[in-house]
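The values are calculated or read from the model by the stated rules, or taken from the named source; none is laboratory data. Keep in mind that what you see is a predicted model, and the values were worked out from it rather than measured. Methodologically, a virtual Cβ is constructed for each residue, glycine included, from the backbone with ideal geometry; neighbour enumeration extends over all protein chains shown. When the accessible area is computed, the model is the full protein with side chains, heavy atoms only, and any ligands, DNA or RNA have been set aside. Shrake-Rupley method; radii C 1.70, N 1.55, O 1.52, S 1.80 Å.
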Amino acid sequence: MATWAIGDIHGCLNALETLLALIRPVEDDVIVVLGDVVDRGPETRGTIDRILQLGTECRLVTIMGNHEEMMLSALEGGRWLESWLRHGGQSVLDSYGGDPAAVPAEHMAFLQGGAPYWFNERSIFVHAGLEPGKPLDVQTGEWLRWRKLIGNEPVFAEGYRVIAGHTPQPQGVPGSWPGWLAIDTHAYAGGWLSAVEAESGRLLQANERREAREGRAW
């Protein structure tokens, strides 16, 4: 059994498909999708379809990102509509033929079903970050989905590594410091989509041109 974390996909279906072909998940594997599946890239609809399919191939955990929060609010008539459209929402509508009503019920359920975080024996998986000194069960959405990492956050819990997305790593390489790993490597902006095996640190990356490379996350 392997546990993989996948960073911010942002509708980059080519990169996701390339990564999954390298991972080759089996039934007992766990894949944690760290949020921001939607917006900005060209294929939000196809990306959600592929992740739903992935849930039939392995144990799938999806984390809610700030872009899922914005999309849900916008589609439900909330305050995020204009901001969402400016920050990648238009590309989402385009992927559904320009009609918000064309978003299937199963896609809405997928967006609504994202967990605030997930953890196992050695790792904590979250979209954005964690407030120091506060237990997981009282963390707020502001910290979980919106706050950027600065790169010197303290160890959150002894013996655990926090694996997060959200904060772009512009060099295309995950950021690593004691107790933390940041794996948003700018897939939608011509960069790489990153997947990390949480125990070994094996790093797989792919881009929208279906190029791939392998390395170490720490």
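All but one of (1) open to solvent by 10 Å² or more (accessible area, probe 1.4 Å); (2) out of contact with any Phe, Trp or Tyr (no Cβ under 7 Å at 6 or more places or on another chain); (3) over 24 Å from Pro42 (Cα atoms) hold for Gly179; which doesn't?
Single failed check for Gly179: (2).
Restricting to segment 189-218, name every residue that is under 12 Å from the mean Cα position of the chain (by Cα) and either part of a loop (DSSP other than H, G, I, E, B) or among the hydroxyl-bearing types (Ser, Thr, Tyr) (or both).
Scanning segment 189-218 gives a single hit, Ser194.
Tell me, yes or no, whether segment 65-86 has at least one residue that is under 17 Å from Thr185 (Cβ atoms) and in contact with a strand residue (DSSP E or B) (Cβ under 8 Å, 6 or more places away or on another chain).
no
If you scan segment 157-210, which residues turn out to be of a type in the set (A, V, I, L, M, F, W, C) and at pLDDT below 95? Walk me through it before giving the result.
If we filter segment 157-210 for residues that are of a type in the set (A, V, I, L, M, F, W, C), which is where we start, we get 157, 162-164, 173, 177, 180-183, 187, 189, 192-193, 195-196, 198, 203-204, 206.
Answer for segment 157-210, where residues must be of a type in the set (A, V, I, L, M, F, W, C) and at pLDDT below 95: just Ala189.
Within segment 197-218, take every residue that is out of contact with any Gly (no Cβ under 8 Å at 6 or more places or on another chain) and open to solvent by less than 50 Å² (accessible area, probe 1.4 Å) and give me the one that is nearest to Arg40 (Cα to Cα).
Filtering segment 197-218 for residues that are out of contact with any Gly (no Cβ under 8 Å at 6 or more places or on another chain) and open to solvent by less than 50 Å² (accessible area, probe 1.4 Å), the one nearest to Arg40 (Cα to Cα) comes out as Ala206.
Is it true that some residue in segment 105-123 is out of contact with any strand residue (DSSP E or B) (no Cβ under 9 Å at 6 or more places or on another chain), over 22 Å from Gly7 (Cβ atoms) and not hydrophobic (A, V, I, L, M, F, W, C)?
Among the residues of segment 105-123, at least one is out of contact with any strand residue (DSSP E or B) (no Cβ under 9 Å at 6 or more places or on another chain), over 22 Å from Gly7 (Cβ atoms) and not hydrophobic (A, V, I, L, M, F, W, C), which makes the answer yes.
Please go through segment 132-164 and give me each residue that is of a type outside the set (Lys, Arg), open to solvent by 40 Å² or more (accessible area, probe 1.4 Å) and assigned to a loop (DSSP other than H, G, I, E, B), ordered by number.
Pro132, Gly133, Pro135, Thr140, Ile150, Asn152, Pro154, Val155, Phe156, Glu158, Gly159, Tyr160
Tell me which of these Ala128 doesn't satisfy, since it passes every other one: (1) out of contact with any Leu (no Cβ under 8 Å at 6 or more places or on another chain); (2) of a type in the set (Gly, Ala, Ser); (3) on the phi < 0 side of the Ramachandran plot.
Only one criterion is unmet by Ala128, namely (1).
What number of residues within segment 49-84 satisfy the criterion of being within 20 Å of Gly165 (Cβ to Cβ), part of a helix (DSSP H, G or I), open to solvent by 40 Å² or more (accessible area, probe 1.4 Å) and of a type in the set (A, V, I, L, M, F, W, C)?
1
May I ask you to list the residues in segment 120-131 that are of a type outside the set (Asp, Glu) and surrounded by fewer than 15 Cβ atoms within 10 Å (Cβ to Cβ)?
We begin by selecting, within segment 120-131, every residue of a type outside the set (Asp, Glu); these are 120, 122-130.
Asn120, Arg122 - these are the residues of segment 120-131 that are of a type outside the set (Asp, Glu) and surrounded by fewer than 15 Cβ atoms within 10 Å (Cβ to Cβ).
Just one of (1) small (Gly, Ala, Ser); (2) more than 20 Å from the chain's Cα centre (by Cα); (3) on the phi > 0 side of the Ramachandran plot; (4) open to solvent by less than 40 Å² (accessible area, probe 1.4 Å) trips up Gly98, so point out which.
Going through the list (1) small (Gly, Ala, Ser); (2) more than 20 Å from the chain's Cα centre (by Cα); (3) on the phi > 0 side of the Ramachandran plot; (4) open to solvent by less than 40 Å² (accessible area, probe 1.4 Å), Gly98 breaks only (4).
Determine, yes or no, whether Ser91 is over 20 Å from Gly165 (Cβ atoms) and either in contact with a strand residue (DSSP E or B) (Cβ under 9 Å, 6 or more places away or on another chain) or in contact (Cβ under 8 Å) with a residue 60 or more places away in the chain (or both).
Answer is no for this residue.
Exactly one condition in (1) in contact with a strand residue (DSSP E or B) (Cβ under 9 Å, 6 or more places away or on another chain); (2) crowded, with 18+ Cβ neighbours inside 10 Å is not met by Tyr188; state its number.
Here Tyr188 meets the rest and fails (1).
Could you list, in sequence order, the residues of segment 1-48 that are part of a loop (DSSP other than H, G, I, E, B), open to solvent by 10 Å² or more (accessible area, probe 1.4 Å) and among the aliphatic types (A, V, I, L, M)?
Listed by number, the residues that qualify are Met1, Ala2, Val26.
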